[in-house]
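Remarks on the structure that follows.
FYI, it's all coordinate maths here, none of it is from the lab. Every value quoted in this text rests on a predicted model; they were computed, and no experiment measured them. A quick note on method: Cβ atoms are made from the backbone with ideal geometry, for glycine too, and the neighbour counts reach across all protein chains shown.
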Amino acid sequence: MNSNDLMFQKTTDATIEPRIYKHSWKVLIVDDEPSVHDITVLALDGFEFEGRNIHFLHAFNSDDAIKHLQDNPDIALALVDVVMESEHAGLDLVDTIRNKLNNDILRIVLRTGQPGQAPERAVIKKYDINDYKEKTELTSQKLYSVVYTSMRSYRDIAALEANRKGLVRVITASTEIYKLQKLSEMVQGVLEQIVCCTVLRQRHRLC
């Protein structure tokens, strides 16, 4: 039994092409093994959450992943391999996402085929990830569950963030309106002073 058989309960030799749907949830697969991309797409075939399918984005190294993330700020979930171009490439990518791209909404699930190189407890404590899985334990059903719960979490956090931004806009607008009101009052006061001074000058001339 090979690693792909262990990773998922059903496999295929056929290459799975990503399907694009309107208003789909975006999932980024970051792994240097093409077979992992194919199997992931296969395992999540037919996946829906709140009536929306998945649109898969594929990255085979950290640089590709960063480019996708910069071009698609609405990616909901990233499935990231730990060992790629380096032993800790996936961990470095997580650090970049959280601390350089300042993306706190994206759900990140780390996957590893070599758990000894990045022990789960140490990784979870040090890195801002949402789950950590060994590839051998990710059956098709378990992967489905991980993605489903990640989508639910992303939906809720995105809604909170949208509400926060909306509140900031309301506060900013209120402040600007207040400033305009104050400016209007100041202009009115200046005009009143000008009129008053003009009247006094006229009276002085008459005297």
At R0 = 30 Å the Cβ-Cβ FRET efficiency linking Ser86 and Arg152, nearest 0.05, sits at 0.40
Taking N as the number of residues in segment 3-162, the ratio of its alpha carbon radius of gyration to 2.2 N^0.38 Å works out to 0.96
